[in-house]
1. Applying the selection to region A:157-180, what residues are at pLDDT 85 or above, at negative phi and under 12 Å from the mean Cα position of the chain (by Cα)?
2. Take the residues in region A:48-66 that are within 14 Å of chain B (Cβ to nearest Cβ) and either out of contact with any strand residue (DSSP E or B) (no Cβ under 9 Å at 6 or more places or on another chain) or assigned to a loop (DSSP other than H, G, I, E, B) (or both); name whichever of them is farthest from residue A:79 (Cα to Cα).
3. Scan region A:171-188 and give yes if some residue there is surrounded by 17 or more Cβ atoms within 10 Å (Cβ to Cβ), within 14 Å of another protein chain (Cβ to nearest Cβ) and in contact with a helix residue (DSSP H, G or I) (Cβ under 6 Å, 6 or more places away or on another chain), otherwise no.
4. Which number in (1) touching a residue at least 24 places away in the same chain (Cβ under 8 Å); (2) facing another protein chain (nearest Cβ under 7 Å); (3) surrounded by fewer than 23 Cβ atoms within 10 Å (Cβ to Cβ) marks the one condition that residue A:109 misses?
5. What single numbered condition from (1) within 21 Å of residue A:191 (Cβ to Cβ); (2) at pLDDT 90 or above fails to hold for residue A:65?
6. Which of the residues belonging to region A:71-92 are farther than 20 Å from residue A:187 by Cα and touching a residue at least 24 places away in the same chain (Cβ under 8 Å)?
7. Would you check if there is a residue in region B:45-67 being more than 25 Å from residue B:129 (Cα to Cα), surrounded by fewer than 15 Cβ atoms within 10 Å (Cβ to Cβ) and in contact (Cβ under 8 Å) with a residue 24 or more places away in the chain?
8. I need the full set of residues from region B:181-205 which are more than 28 Å from the chain's Cα centre (by Cα) and either surrounded by 15 or more Cβ atoms within 10 Å (Cβ to Cβ) or at positive phi (or both), in order please.
């Protein structure tokens, strides 16, 4: 599904260039449940943002189902994000003025289709993540874990090929974290969506089928989790 | 594009209905005040112009002035000419006037003026001077020793008159004044009445009957310095002028607009003031919308970043801000028009603004309101677009995480 070749990202901190990604190459297969792990500052979130088309690499290529996507214009990248990629942020990235249901179906509305269709699907997805009873609540009325599950439901609204989750449990308690991760595992298993998540918690390896270990902007190891 | 518009409308609606109500109301209120100001200034100016034109026609010029051509000071055979003019379609009334310069003296104080000889009945049909008597009475056809004075001549102890210091100051109805005519005669008259039409040129005149005028200037019999014509509403002055011109070739014509030189400089100044104030008001409207939108996009930068990250295209987000700006401007505009029409205008009708030429009543003209509305909406759109455009150019990650 993803073929990443010689990907580098350099940030300029003042006059000092900092290599956040250093010539990274790897592939992700369709249907995988992959985890990118590493210490803080290892480049795992930067890598996820390049794959999620939220940022542009300094060099290298990313192929999504054979199509090179790094050099696409912003409009085309927005269209790809809308139709093929779902993103779950570390912070609770919901729109404050929209209810849980409206947050979920907004990308569906952007994609088009009947009003009743995306609303119905939004409700189904909220039921799927166990929040059917909270669909008319605003983000401020939801717990952190509930907000992350709403974000997961939103990421699924347009039937994406892949969901990116950037440390989705970083701000959650243990119970909520478990619930969010189990939701992602269930989606990967039942909906067959590819999931690529970032975590710095070694315990999260158990949810992944493959684990990419990063350090100083490089992939230092790639293992298949025995627990997956 | 349809989807972009649909999402934009959705986002705008949610932001308006679920956003900060105080900010929304304040923005609408500000734009309402700006729109009211934009309606008020041209409304007042148009009202003042209408009022000044009306007073000019009704007290000074009439619709058409017929004068002798060339060096000849009089229109000859004035009676038969007036009868002929009266028979022309569209002519409502005709009056002849004779004028002579004179000095008027009262208790040692002297002033100069134009004394006008009129046929009171006919003059009343063309002009409204008889309706503006503030002391005494209007002239009767047989009056010989009576004179009607404009308030700017008499003074009438009204100390706040524009020309009070150069007037006779203390003359009232019933007083006797001495009139020394430019052609020699000097005569004492009783002031029969004092009029005040609030148009200085008229209020500086004195009137006597044509009978008396003929005694002062015998050569004026069946002659007139000018003939004033009142037209029926909707009559084209040029058509009537053509018809009169066919009657005789020793006449020349002026419409009331050609006598409005003083008024023209005033109305030109009014228009200029209107343009300046309108430009300032549009600037205020633009700055209001700009600040509200700017503060909003700065506060929602992260939200905008999230919207873009989940695939909402930048056009939708930008259009949602434009829709909000349109909503603010349209609501402000609608409230301003309603308040202006149903509160301000009726209130001003009861307490009109007074100018030297009389009361000015606020008016609304569809074309002025429509043009102002369109400009205001365009200004609001441009003002909203600038900060949104700048925010849309920021990278998504920067928008979300700063």
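1. A:160, A:161, A:162, A:163, A:164, A:165, A:166
2. A:58
3. No.
4. (1)
5. Answer for residue A:65: the failing condition is (2).
6. Within region A:71-92, A:77, A:80, A:91 meet the criteria.
7. The answer is no, given that none of the residues of region B:45-67 is more than 25 Å from residue B:129 (Cα to Cα), surrounded by fewer than 15 Cβ atoms within 10 Å (Cβ to Cβ) and in contact (Cβ under 8 Å) with a residue 24 or more places away in the chain.
8. Answer for region B:181-205, where residues must be more than 28 Å from the chain's Cα centre (by Cα) and either surrounded by 15 or more Cβ atoms within 10 Å (Cβ to Cβ) or at positive phi (or both): B:181, B:184, B:187, B:189, B:191, B:192, B:193.
The values are calculated or read from the model by the stated rules, or taken from the named source; none is laboratory data. In this text the structure is predicted, and so the values were computed from the model without any measurement. Please note: Cβ atoms are built from the backbone with ideal geometry, for glycine as well, and neighbour counts cover all protein chains shown.
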